[in-house]
Amino acid sequence: MKRTHLIALMALVVAVPAATASSFFSSDAPTARPCFVSGAAAYELSATSAADYTVRIDNAAANPNLRMQLVDDPAAADFVLVDEGDSAEACKGSSSLETVRVDPAAQKPDLTVTLSRNEAEHKVFVRSANFSEQDAAALFAVIWQNTRRTARQEGNRQVAFRP
């Protein structure tokens, strides 16, 4: 199983119970934006230009950072996003909250992604009341980037400390 697939499945295990628990215990209408927890990090969708990450979904991009395929089978996906309702409360108490903005017109996005049903290296499955397919693609792209950055940093540390 691919590392990305394992990370995505672990994120799902964390996100669904957190979203379900919050909707069970909360009687107030949510005012926060949808939020997704992946490991120790939490990601909240944002509409402001001050977001930590801006992701452009552009199927015409010549050199996207990531190409993603929407699939109908969660078992075939690298990233699975399923929620059963309120996910706005999922990030409460998280020590690491990062904001993600989807902007199809961004001139200088942090990441550019293509998203279609055409064959691609990374596969995404989405069934959500709170997240669109574009939202899920943006979240996956940021998680993917951060995972790669962390792996590179850990690899550099290992090299630096070898006798």
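The values are calculated or read from the model by the stated rules, or taken from the named source; none is laboratory data. Since we're looking at a predicted model, the values are computed, not measured. Don't worry about glycine lacking a Cβ; one is built from the backbone with ideal geometry, like all the others, and counts go over all protein chains shown.
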May I ask you to say which residue of 161, 125 is surrounded by fewer than 21 Cβ atoms within 10 Å (Cβ to Cβ), among the aromatic types (Phe, Trp, Tyr) and either modelled with pLDDT of 95 or more or more than 14 Å from residue 64 (Cβ to Cβ) (or both)? 161
At least 3 residues that are hydroxyl-bearing (Ser, Thr, Tyr) in each: list the strands (runs of 3 or more DSSP E) lying fully within the stretch 30-130 that qualify. 111-116
Quick one: is residue 119 within 12 Å of the chain's Cα centre (by Cα), at pLDDT 90 or above and not β-branched (Val, Ile, Thr)? no
Suppose the filter is of a type in the set (S, T, N, Q), under 14 Å from residue 136 (Cα atoms), buried (at least 21 other Cβ atoms within 10 Å of the Cβ) and within 17 Å of the chain's Cα centre (by Cα); does residue 46 pass it? no
Enumeration of residues in the stretch 69-81 that are crowded, with 16+ Cβ neighbours inside 10 Å and out of contact with any Phe, Trp or Tyr (no Cβ under 7 Å at 6 or more places or on another chain): 69, 70, 78
